[in-house]
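Visitor: Got a structure here, written out as structure tokens. Questions coming.
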Amino acid sequence: MNTTPPFPFPPLPGVNLLQNLLDSFQPPAWVVDEVQNKVVLLLNHVLLQEPQAQDRVRRQKGKSARMVWGKFEMTLQASPAGLLERVAQVGAGSDLTVVLTEAGLPAVLEKVARGDKPAVSIEGDVQLAAEVAWLVDNLRWDVEEDLSRLIGDAPAHTLCKAAAVAGAAV
């Protein structure tokens with residue numbers, strides 16, 4: 001029995017096409033600004049759930065960390081309240097610079113999916129870098145707790161368990 005198709009299929013667009021689109025796409029400045037504001041809100045929400053993390057951030061008050069990945073960058077500053085503030089000045093000096101050296105989105109997603117950390121280059125204040133590393137290693141968002149406030153404990157637990165099973169299957 002002949003199993004060859006009667007005509008050849010075109011090659012499926014791979015991850016390289018997605019990467020090329022991301023490289024050529026430049027979102028409007030207001031979109032970047034709003035996304036960065038939402039990231040800061042999420043980070044502060046997670047910090048508010050852990051008093052020890054807030055204490056560590058509070059000890060670094062006034063210091064700033066610049067995060068860079070390709071053409072996207074954001075500078076955050078530790079506030080006296082133990083939360084993070086976004087420094088809106090472009091090109092402002094920072095005490096710590098963290099550069100994600102993995103250029104492509106597929107490589108970063110692959111490492112994160114495996115549970116590894118993407119490669120970074122760190123320059124600047126050693127104490128601030130140690131605190132940032134501690135936060136990355138120990139701070140986790142309790143999604144189930146936040147969902148339980150909206151939909152109740154049992155549905156939140158079921159939804160998170162289903163998401164974990166789906167994530168493991170992928």
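The values are calculated or read from the model by the stated rules, or taken from the named source; none is laboratory data. Keep in mind that this is a model prediction, so the values were computed, not measured. Note: ideal-geometry Cβ built from the backbone for every residue, glycine included; neighbour counts use all protein chains shown. The protein model used for the area step is the full one, side chains on, heavy atoms only, and it has no ligands, DNA or RNA in it. Shrake-Rupley method; radii C 1.70, N 1.55, O 1.52, S 1.80 Å.
Visitor: Quick check on the stretch 103-129: of everything there that is among the β-branched types (V, I, T) and loosely packed, with under 14 Cβ neighbours inside 10 Å, which residue is modelled with the highest pLDDT?
Guide: Narrowing the stretch 103-129 to residues among the β-branched types (V, I, T): 108, 112, 120, 122, 126.
Filter once more, so that each one left must be loosely packed, with under 14 Cβ neighbours inside 10 Å: 112, 126.
On the way: V112: 73, V126: 90.
Across the stretch 103-129, the extreme among qualifying residues is V126.
Visitor: Related question: Let me confirm something: among W141, W134, which residue is under 20 Å from V57 (Cβ atoms) and either open to solvent by less than 40 Å² (accessible area, probe 1.4 Å) or in a helix (DSSP H, G or I) (or both)? Talk me through it step by step, then tell me what you get.
Guide: On the way: W141 fails: either open to solvent by less than 40 Å² (accessible area, probe 1.4 Å) or in a helix (DSSP H, G or I) (or both).
Unique residue meeting the criteria: W134.
Visitor: For the structure I just gave you, tell me whether V132 is farther than 25 Å from Q54 by Cβ, of a type in the set (A, V, I, L, M) and either in contact with a Pro (Cβ under 8 Å, 6 or more places away or on another chain) or modelled with pLDDT of 85 or more (or both).
Guide: Numbers: farther than 25 Å from Q54 by Cβ: no; of a type in the set (A, V, I, L, M): yes; either in contact with a Pro (Cβ under 8 Å, 6 or more places away or on another chain) or modelled with pLDDT of 85 or more (or both): yes.
In short, no.
Visitor: Continuing with the same structure: Among the listed residues G93, G82, which satisfies the condition of being of a type outside the set (D, E, K, R) and surrounded by fewer than 16 Cβ atoms within 10 Å (Cβ to Cβ)?
Guide: On the way: G82 fails: surrounded by fewer than 16 Cβ atoms within 10 Å (Cβ to Cβ).
The match here is G93.
Visitor: Still on this structure, please answer the following. Can you tell me which of L48, L83, L22, L96 is at pLDDT below 70 and over 15 Å from the mean Cα position of the chain (by Cα)?
Guide: On the way: L48 fails: at pLDDT below 70; L83 fails: at pLDDT below 70; L96 fails: at pLDDT below 70.
Sole residue among the options that is at pLDDT below 70 and over 15 Å from the mean Cα position of the chain (by Cα): L22.
Visitor: Could you please tell me which pairs satisfy a Cβ distance under 6 Å, a separation of 6+ or placement on different chains, a first residue in the stretch 127-141 that is of a type in the set (F, W, Y), and a second residue that is modelled with pLDDT of 90 or more and surrounded by 14 or more Cβ atoms within 10 Å (Cβ to Cβ)?
Guide: As it stands, the answer is W141/V46, since those pairs meet every condition given.
Visitor: Determine if the stretch 107-125 includes at least one residue that is in contact (Cβ under 8 Å) with a residue 12 or more places away in the chain, over 28 Å from G82 (Cβ atoms) and among the polar types (S, T, N, Q).
Guide: No: the stretch 107-125 contains no residue that is in contact (Cβ under 8 Å) with a residue 12 or more places away in the chain, over 28 Å from G82 (Cβ atoms) and among the polar types (S, T, N, Q).
Visitor: Among the residues of the stretch 37-73, write down those that are open to solvent by less than 30 Å² (accessible area, probe 1.4 Å) and in a strand (DSSP E or B).
Guide: Result: S64, A65, V68.
Visitor: Name the residues in the stretch 70-87 that are of a type in the set (A, V, I, L, M) and closer than 17 Å to E50 by Cα, would you?
Guide: Keep residues of the stretch 70-87 that are of a type in the set (A, V, I, L, M), which gives 74, 76, 78, 81, 83-84, 87.
Scanning the stretch 70-87 gives A78, A81, L83, L84.
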